[in-house]
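Since the structure comes first, as structure tokens, the remarks are kept for the end.
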There are 2 protein chains.
Amino acid sequence: MSVFRDQETVDLSIQEVFDLSRRVLIAAGLSVPHAEAAARVITAGERDECASHGLYRLPGCVMTIRSGKMSLDAEPVIEDVSPALVRADARRAYSLLAFERAAPLLVEKAKTVGVAALVINNCYHFSALWPEIEQLTERGVAALAMTLSHSWVAPAGGKKGLLGTNPIAFGWPRPGPHPYVFDFATSAVARGDVSLHDIAGKPIPEGWGVDAEGQSTTSARAALDGAMLTFGGHKGSALSTMIELMAGPLIGDLTSRESMAFDDGDKAAPMHGELILAFDPAIMGGGDPAANAARAEALFAAFADQDARLPSERRYAARARSLARGVHAPKVLYDQILALGL
Amino acid sequence: MSVFRDQETVDLSIQEVFDLSRRVLIAAGLSVPHAEAAARVITAGERDECASHGLYRLPGCVMTIRSGKMSLDAEPVIEDVSPALVRADARRAYSLLAFERAAPLLVEKAKTVGVAALVINNCYHFSALWPEIEQLTERGVAALAMTLSHSWVAPAGGKKGLLGTNPIAFGWPRPGPHPYVFDFATSAVARGDVSLHDIAGKPIPEGWGVDAEGQSTTSARAALDGAMLTFGGHKGSALSTMIELMAGPLIGDLTSRESMAFDDGDKAAPMHGELILAFDPAIMGGGDPAANAARAEALFAAFADQDARLPSERRYAARARSLARGVHAPKVLYDQILALGL
């Protein structure tokens, strides 16, 4: 996040990021399996320089843990519903352990029938979706994930929070170390980005949000108190609504508004569901998998030919840097984490 | 389309639109089942005042038929691949008959295992996706459809056509006559909209396209000769790329660029594949379907509470008008259809 660019930093190795995250989360009360699953995605976020999904998340995790509603140690219950459907009940704990435990069965189903769904219910969610997507593309399937948040986002033509920031992520397995992956909030930006601007005291661009009266604003604080807007006008709003329906009522879980009501001012992470679809290119492709993979590679090559960047290239470059030389966490954030007293 | 607003019109009943479409398509050489499937969606487009998907499509259909590459009478071959996958080989004929023939099996599978996919291969595609989505929501499933077109659209950061206009459509079954449905091109607008501006000699807004040198343009002609842009910046571009992968290499079919190469200047409809996913709310929801449906209805009610319009409301209002009083087709278009001599 550029808002931290000129601030003092603390140098940490990847292992130190993981150890710090794990230690803080266990000290706050998470069971070891939950703490390690969460620490893995926080470390991945910091490593890939996705600042709003890295160490920045730790204080929020501790706030969620202290809200007292989240289970700190529930073992997810995995249900083999049908040849195409796995259900994981996170039992009001973090989503990540449920995902890790259910992912192998999801992939097995996709590789047997072509397309399969993983429904995660009753989960607290704070992480980016791309770490999950990468766990699936590593196993050779394409994957599409979506989840809700709290009703911070106004629909197109409206002016009050109703939809979540509703991220959607997609991955396509590629030869070589890095899959094609995108992961974006259907809000104009992630709520974490608005919060970072608020913390840094910087104005937000037009189009990110409206104030409590529904008027356009450049104050991060006013947008946090009012409503955020979707990306892409009525199309982005429609997509966000689809995610609201598919990762909410379709899978028998809360909408973003219901999740916010459940939170009841605790400012904990949203508690709701998540939908992940996996597709096996060999079965879906109906024939020559090598030819189909080559067809996708030709598409990616044509991006490079016109100097158009693929979505995760910046993240992969950051990953290479971080793996070689460690990360540089903002000192103000690092001190904030230490001040948690954990 | 507002570009026709002040032009002379011809009044037609819904039945006359269907009969005209059917007659022209059969006279051009389509088999009766193909002509009727195509006439049904053209009539639905004209009825719902989606001008660019109504009678406006007829001259293009005739051009595709006369290109000589499309099969005019192939019966689609339906393959029951797995408990979650149906494949329909359209055998280089229009997609619509393949969809109609395979849709019942898709719905049956979704209602058995929760999620199912219909892959249509080797199909010529000219229609909006929402008529297909409505056929699925009528049977009680949620549905997501995507398809490609020709490589008319530059990716974010690029300046040459590579992606298709890549429409995505979603539907959610509701009590009452109308489902929740959206259907949009991931290009800034549908290519038909740029063409209509070109025909009407009107400029296009900034952001719709670039000229052959990759520079922003307000000339519809220059954008048709250059490249269109996606909606929503890099997020829209990522979504379009996902559609390119999922309705192309994933399902063993052509990319938009390969489809354009196959066309080889004929200006026929694109020939490629289509992916349709169907979801059964009862199975996916894992419990109380009535409570989940009510949760979705509460979401829609909250749109109305803040005067935010749902995506298809304008289309449903047009439908009611057209069913009561017929349609008003532009005379210039009507004459163009009669001049086809069919």
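The sum of -39500 (n - 2.57) across all DSSP H runs of n ≥ 4, divided by the residue count of chain B, sets its helix-only mean residue ellipticity at 222 nm to -13500 deg cm²/dmol. Classification of region A:235-342 by its C-alpha gyration tensor yields an oblate form. The axis ratio a/c (a ≥ b ≥ c) is 1.5 or more, and b/c is at least a/b.
Each Cα pair under 8 Å and six or more residues apart adds its separation to the average, and for chain A the resulting relative contact order is 22 percent.
Exposure proxy for B:Ile337, B:Ile120: other Cβ atoms within 10 Å of each Cβ, ordered fewest to most, give B:Ile337, B:Ile120. Length, then width, then depth: along the principal axes, the Cα atoms of the protein assembly as shown run 83, 48, 48 Å.
Listed by chain and number, the lysines placed with their C-alpha closer than 25 angstrom to that of A:Lys235 are A:Lys159, A:Lys160, B:Lys159, B:Lys160, B:Lys202, B:Lys235; residues fewer than eight positions away on the same chain are left out. Placing a label point 7 Å from Cα along the Cα-to-Cβ direction at B:Ala320 gives distances to the equivalent points in the other copies of 5.9 nm, listed shortest first. Chain A residue nearest the rotation axis toward B, with distance: A:Gly232, 1 (Cβ to axis, whole Å). Looking at region B:72-175, which GluC sites (Glu not before Pro) are in a loop (DSSP not H, G, I, E or B) and have at most 14 other Cβ atoms within 10 Å? Hits after loop and neighbour filter: B:Glu138. Return a whole-number percent for the relative contact order of region A:77-169, with Cα pairs under 8 Å and 6 or more residues apart as the contact set. Reported as a whole number, the value is 22 percent.
Exposure proxy ranking for B:Cys50, B:Cys123, A:Cys61, based on other Cβ atoms within 10 angstrom of each Cβ and starting from the fewest, stands as B:Cys50, A:Cys61, B:Cys123. Sorted shortest first, the separations between the A:Gly207 label point and its copies elsewhere in the assembly read 0.6 nm; each point sits 7 Å from Cα along the Cα-to-Cβ line.
By the scheme Lys and Arg +1, Asp and Glu -1, what is the net charge of all other residues having a beta-carbon under 15 Å from that of B:Arg139?
Residues close to B:Arg139 contribute a combined charge of -2.
Identify all aspartates and glutamates with a Cα-Cα distance to B:Lys109 below 12 Å; exclude those on the same chain that are fewer than 8 residues away in sequence. Straight-line reach from B:Lys109, under 12 Å: B:Asp80, B:Asp280. Distances from B:Asp335 to itself in the other copies, using label points 7 Å out along the Cα-Cβ axis, amount to 7.8 nm in increasing order.
Per the Debye calculation on region A:78-190 with a single equal scatterer at every Cα and no solvent contribution, log₁₀ I(q)/I(0) for q = 0.22 Å⁻¹ amounts to -1.20. Using every pair of distinct Cα positions in region A:193-287, the Kirkwood expression returns a hydrodynamic radius of 15.8 angstrom. Ordering B:Trp208, A:Trp130, B:Trp172 from the fewest to the most neighbouring beta carbons within 10 Å gives B:Trp208, B:Trp172, A:Trp130.
Between rounded, prolate and oblate, where does region A:55-142 land on the alpha carbon gyration tensor, with a ≥ b ≥ c its root eigenvalues, rounded for a/c under 1.5, else prolate if a/b exceeds b/c?
Oblate.
Where a ≥ b ≥ c are the square roots of the eigenvalues of the C-alpha gyration tensor, would you call chain B rounded, which needs a/c under 1.5, or, failing that, prolate if a/b is larger than b/c, or oblate?
Rounded shape, in that the Cα axes give a/c under 1.5.
Using a cutoff of 8 angstrom between alpha carbon atoms and counting only pairs six or more residues apart, the relative contact order for region B:225-296 works out to 19 percent.
By the rule of a C-alpha distance below 19 Å, with chain neighbours fewer than 8 residues away ignored, the aspartates and glutamates paired with A:Lys267 are A:Asp193, A:Asp198, A:Asp225, A:Glu258. Return the single residue from B:Ala110, B:Ala156, B:Ala200 with maximal mean-square fluctuation; model: Gaussian network over chain B, springs between Cα atoms under 10 Å. Greatest mean-square fluctuation among the candidates belongs to B:Ala200.
Since every read-out is calculated from the coordinates, none of them should be taken as a lab result. These numbers were taken from a predicted model, which means no experiment stands behind them. With ideal geometry, Cβ positions are generated from the backbone for all residues, glycine too; neighbour counts draw on all protein chains shown.
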